Amino acid sequence: MLLLAQLADAATFVLGQSLHGIHLESNGIAVLAYQWAGLAGVLLLKGAALLAMLGVTVLAANRYPRLLVWGGAAATSMGLLGFAANVTSLIILAH
């Protein structure tokens with residue numbers, strides 16, 4: 001679910017950016033990454049953040065087993081929230 005949620009967020013971000021440009025993005029870090037390295041920079045940054053989160057939760061799982069579950073749930077939720085926000089924005093901008 002984590003991977004699907006994050007991929008859905010990334011796919012709808014790419015679609016929105018290609019249709020409407022980066023100027024509608026509310027995440028300042030994503031805008032800076034886009035200005036620095038284009039769309040690939042944003043996707044690389046998103047992938048790096050996801051890998052870092054997974055690495056930290058897996059490393060901490062032996063000592064704090066609930067952290068793996070809560071970290072995965074949080075990352076899945078953030079991906080679903082990004083996907084929902086992107087789809088809502090695309091629907092609003094289509095009219």
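Read the figures in this text as sums done on the coordinates, not as results from a lab. These numbers come from a predicted model, not from an experiment. Heads up, the Cβs are rebuilt from the backbone with ideal geometry, glycines too, and the neighbour counts pull from every protein chain shown.
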Quiz item: Kirkwood hydrodynamic radius (Cα pairs, Å) of the range 2-94?
Solution: 14.0 Å
Practice problem: Multiply the residue separation of LEU24 and TRP70 by 0.36 nm, subtract the distance between their alpha-carbon atoms, and state the gained length in nm to one decimal. | Solution: 13.5 nm
Quiz item: At 222 nm, what helix-only mean residue ellipticity would the chain give, in deg cm²/dmol to the nearest 500, using -39500 (n - 2.57) for each DSSP H run of four or more?
Solution: -31000 deg cm²/dmol
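Mind ordering 3-16, 34-47 by average Cβ neighbours within 10 Å, highest first?
Result, highest mean Cβ count within 10 Å first: 3-16, 34-47.
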Quiz item: At what distance in nm do the modelled label points of ALA61 and ILE91 sit from each other, each positioned 7 Å from its Cα along Cα→Cβ?
Solution: 3.5 nm
Quiz item: With a sphere of radius 14 Å drawn around the Cβ of ALA85, what net charge do the other residues whose Cβ falls strictly inside it have (Lys, Arg +1; Asp, Glu -1)?
Solution: -2
